[in-house]
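Take a look at the structure below.
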Amino acid sequence: MTRTRQEPVIARPGAASDASAVVVRGLRVRYGDFEAVRGIDLDIRRGEVFALLGTNGAGKTTTLDVLAGFGAPSTGEVSVLGMDPRTRPPQLRARMGVQQQDGGFVEELTVLETLQLWQQLVERPDRPERLLERFELGHRRDVPVGKLSGGEQRRLDLALAVWGSPELVILDEPTTGLDPQARRRTWDAIQELQEAGRTVLLTTHYLEEAEALADRVAIMHRGRIAVTGTLAEIVAAQPASFSATLPPDAPALPELTGWVERSGDRLTVQSGDLQRDLTAFLTWADAHGVRLDGLRAAPASLADVYHSIRAEEEQ
Amino acid sequence: MTTTAVTGTPTGRVAALAAAETRLVLRNRTLLVSSLVVPLGLGLFWVLTFSGQNPATVVALQLAVAVGMGLYVTATQTVVARRQQKVLKRMRTSSLTDTGLLVAVVAPSAVVAVGQIVVFAVLNAVFGVPFATDPLAFVLAVLAGLAQAIAAALATAVVTPSAERAQITTLPLMFLLLAGAVVVTFVPLEGWWQALLAVPGAGPGVLVRFAVEGGLWAGGLVPALALAATVAWTVGFAAFARRRFRWDPRR
C-alpha cells in the first residue's frame with residue numbers, strides 16, 4: 001500500500017504491461033478554472049475488480065468519463081485495453097461495457113424493446129431473454145422504461161453494461177439508491193464477471209461494497225488519489241485500535257506508543273503496534289487489579305482510512 | 001419492435017436506431033397529428049388563398065414550412081431531448097459512430113418533412129396549383145433544404161439547454177428560413193438580389209423558383225450562386241456543430 005497527500009503512488013510511468021487493462025498517467029481534467037481531476041495515476045490489472053472510492057465531487061465520475069471516451073483529459077496519458085479512449089475506436093467500444101450513473105434510456109421504449117435495440121447496436125452477441133432472466137426483469141418486459149422503479153432501471157442499466165460479457169466493465173455507482181436485496185443481486189452480477197475473468201472498474205461511496213467486491217481500491221479526494229492498494233495493504237498501514245472502560249480510581253496508564261484518547265471512563269488507543277501496546281496495557285491492568293469492562297481490539301477498517309484522509313485534507 | 005433486417009453493419013445499426021425513433025413518432029399521436037394534419041390544413045388554406053398568386057411562392061412556402069417547422073424545429077428538439085436524457089451518451093458506448101448516431105436521431109424528422117412535402121404536392125395537384133415543371137430541380141431544392149435544416153438543427157442544439165428551450169432558440173432561424181425561401185421567389189433576380197442569399201433558406205428558395213419556372217440547367221450565375229449559398233450555410237452550420245456540440249447534458 002502506498003500513500004501520499006499530493007501525488008498518487010502506484011506504478012511508475014512505464015511500468016504497466018499487457019497485464020494492465022487500464023493505465024493512466026498524470027491525468028488532469030479542468031472545466032474552466034475548476035480542476036476536477038488533479039494529476040492521477042492508475043494501473044488496473046486485467047481480471048481484477050477495482051473500486052474507486054470517494055465522496056461526491058472527488059473526481060470519480062470525471063475519471064470514468066475519460067476512460068469511457070466521453071471526456072478528454074486536459075493533460076496526461078490514458079490507455080484502455082491498449083487503446084486511446086479519446087479517439088473512441090470501435091474496437092474498444094466492442095470490448096467495453098459502461099453503466100452510467102443515471103438516465104440514458106429512451107423512456108417510451110419498453111424493457112424488451114430497449115434490449116432488442118441494444119442487441120442491434122453492439123457487436124457482442126447476447127440474448128435479451130437471457131438478460132431479462134438474469135436481472136429478473138422478465139415480468140416487466142413490456143413496461144416502458146420510464147415507468148420502471150429506480151432499482152429496476154439500475155438493473156436494466158447493468159444488463160446493458162454487461163451485455164455480451166465485455167472484457168472491461170465500467171460501473172458508475174452501480175448500487176446507489178438500491179434496496180439491500182437489489183444491491184446484493186448487483187454484487188452477485190459483479191462477482192460473476194470477476195469469476196469469468198473480466199475486469200471491472202466501479203465507483204462507489206459505499207465502503208462495504210468496496211470491501212465485499214474489490215481486489216484493489218483507490219480512494220479519491222478532491223481530484224487526487226490519496227491512497228491505493230489492496231484492502232489488506234491499506235488497512236494494515238492504518239493504526240489499529242483497542243478500547244476499554246476503566247474504573248474511576250484506575251492508576252496512571254503505562255507508556256504506550258499509540259495515541260490515547262479518553263472520553264469519560266472510556267479509553268481508546270490508536271496504535272501502529274497493536275500487539276506491543278495491548279500487551280503493555282493488559283499487563284498494567286493485571287498488575288494493578290484493574291477490571292477492563294467492554295474491552296475491544298480491532299484492526300483499522302476502510303472507514304477509518306477514509307475518515308483519516310478527509311481529516312488530513314481538512315487540516 | 002421487430003429486428004431490422006440489416007444488423008451488425010454500420011448501416012444496420014443506424015437503421016435500427018432510426019427505426020426505434022420512428023416508432024416513437026408513430027406512437028405519439030399528438031406529434032403525429034401535428035406533423036401531418038397541421039401541414040394538411042395549412043396546405044389546403046394556401047392553395048385556396050394563393051391559387052391566383054405566384055406558384056413558386058406557394059411551393060417555396062410549403063417547402064420552407066416542411067423543412068423549417070417539420071424538420072429543423074423537431075430535429076433540434078429531438079437531439080436536445082436525447083442529450084438531456086443521456087441517451088446520446090449511452091449510445092456512444094455502442095458500436096454506432098457519432099455521425100451514425102446523429103443521423104439516426106434526426107432521420108424520423110426528415111422522413112416526416114418529406115411526408116409533409118408529399119402532402120403539399122398532392123394538394124397542389126388536386127387544386128390545380130402549378131407545381132414543379134422541373135421535378136429534378138425540385139428534388140435538388142428539397143435535398144438542399146433538408147441538408148441545410150439538419151445542419152442548422154445540430155448547430156442550434158449547441159446553444160439549446162433543454163427541449164423546452166428549443167421552442168425559443170429555433171425561432172430566429174426558423175423565421176429566416178421561411179422568409180429567405182419565400183422572398184427570393186418574387187423579387188426580380190437583378191441588381192443586388194444576391195445579397196438575399198446571405199439569408200439561410202434563400203438558396204433552396206431560388207432552386208424552388210427554378211423548379212417551378214424552369215431554366216435551372218441552362219447554366220448561368222443565379223443557380224450556381226443559390227447552390228453555393230446553400231452549401232456554404234450547410235457547411236457553416238455543420239462546422240459550428242462539429243466544433244461545439246456537446247454529448248452530455250448542459251450543466
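The values are calculated or read from the model by the stated rules, or taken from the named source; none is laboratory data. Please read these numbers as outputs of a predicted model, since none were measured by experiment. Cβ coordinates were reconstructed from backbone atoms using ideal geometry, including for glycine residues, and neighbour counts include every protein chain displayed.
In contact (Cβ under 8 Å) with a residue 24 or more places away in the chain and within 19 Å of the chain's Cα centre (by Cα) - does that describe any residue in the range B:186-196? Looking for residues that are in contact (Cβ under 8 Å) with a residue 24 or more places away in the chain and within 19 Å of the chain's Cα centre (by Cα), one finds none in the range B:186-196, hence no. If you filter the range B:16-72 down to residues that are in contact (Cβ under 8 Å) with a residue 60 or more places away in the chain and out of contact with any helix residue (DSSP H, G or I) (no Cβ under 7 Å at 6 or more places or on another chain), you find that the one that is nearest to the other protein chains (Cβ to nearest Cβ) is B:Leu24. Does B:Thr160 fit the bill of being assigned to a loop (DSSP other than H, G, I, E, B), under 30 Å from B:Lys86 (Cβ atoms) and of a type in the set (Val, Ile, Thr)? Yes: the conditions hold for B:Thr160.
Could you tell me whether the range A:123-136 includes any residue that is within 7 Å of chain B (Cβ to nearest Cβ) and closer than 17 Å to B:Met91 by Cα? Write out each step before concluding.
As a first pass, look at the range A:123-136 and keep what is within 7 Å of chain B (Cβ to nearest Cβ): A:123.
Within this subset, residues satisfying the condition of being closer than 17 Å to B:Met91 by Cα are A:123.
Yes, some residue in the range A:123-136 is within 7 Å of chain B (Cβ to nearest Cβ) and closer than 17 Å to B:Met91 by Cα.
Of the residues B:Thr99, B:Thr93, the single one that is in contact with a strand residue (DSSP E or B) (Cβ under 6 Å, 6 or more places away or on another chain) and under 20 Å from A:Pro90 (Cα atoms) is B:Thr93. Could you tell me whether any residue of the range A:199-221 is assigned to a strand (DSSP E or B), outside the structural domain of A:Gly82 (by the TED database) and of a type in the set (A, V, I, L, M)? No.
Identify the residue in the range B:77-111 that is more than 27 Å from A:Arg124 (Cα to Cα) and hydrophobic (A, V, I, L, M, F, W, C) and, among all such residues, is nearest to the other protein chains (Cβ to nearest Cβ). By that ranking, first place goes to B:Ala81. Among the candidates B:Val87, B:Val118, the residue that is of a type in the set (Val, Ile, Thr), without any contact (Cβ under 8 Å) to a residue 60 or more places away in the chain, farther than 12 Å from B:Ser35 by Cβ and in contact with a Phe, Trp or Tyr (Cβ under 8 Å, 6 or more places away or on another chain) is uniquely B:Val87.
Please report, ordered by residue number, the strands (runs of 3 or more DSSP E) entirely within the range A:224-278 with at least 2 residues that are free of Cβ contacts under 8 Å to residues at least 60 places away in the same chain and in contact with a helix residue (DSSP H, G or I) (Cβ under 9 Å, 6 or more places away or on another chain).
On the way: elements: A:224-230, A:240-245, A:259-263, A:266-271.
Filter on the range A:224-278 gives A:240-245, A:266-271.
Tally up the residues in the range A:232-271 that are basic (Lys, Arg) and touching a strand residue (DSSP E or B) at 6+ places or on another chain (Cβ under 7 Å), please. Residues in the range A:232-271 being basic (Lys, Arg) and touching a strand residue (DSSP E or B) at 6+ places or on another chain (Cβ under 7 Å): 1 in total.
Scan the range A:70-93 and give yes if some residue there is within 18 Å of A:Leu158 (Cβ to Cβ) and more than 9 Å from chain B (Cβ to nearest Cβ), otherwise no. Checking the range A:70-93: not a single residue is within 18 Å of A:Leu158 (Cβ to Cβ) and more than 9 Å from chain B (Cβ to nearest Cβ). Counted as qualifying within the range B:30-147 are no helices (runs of 4 or more DSSP H), as none has 3 or more residues that are in contact with a His (Cβ under 9 Å, 6 or more places away or on another chain) and either surrounded by 21 or more Cβ atoms within 10 Å (Cβ to Cβ) or polar (S, T, N, Q) (or both).
Here the condition is being in contact (Cβ under 8 Å) with a residue 12 or more places away in the chain, touching a His at 6+ places or on another chain (Cβ under 6 Å) and surrounded by 19 or more Cβ atoms within 10 Å (Cβ to Cβ); of A:Ile219, A:Ile309, it holds for A:Ile309 alone.
When the range A:162-213 is filtered for residues that are free of Cβ contacts under 8 Å to residues at least 60 places away in the same chain, β-branched (Val, Ile, Thr) and farther than 20 Å from A:Pro128 by Cα, only A:Thr175 remains.
Those residues that are touching a residue at least 60 places away in the same chain (Cβ under 8 Å) and touching an Asp or Glu at 6+ places or on another chain (Cβ under 8 Å), I need them from the range A:47-81; list them, please. Residues satisfying the conditions are A:Glu48, A:Val49, A:Phe50, A:Ala51, A:Lys60, A:Thr61, A:Leu64, A:Leu81.
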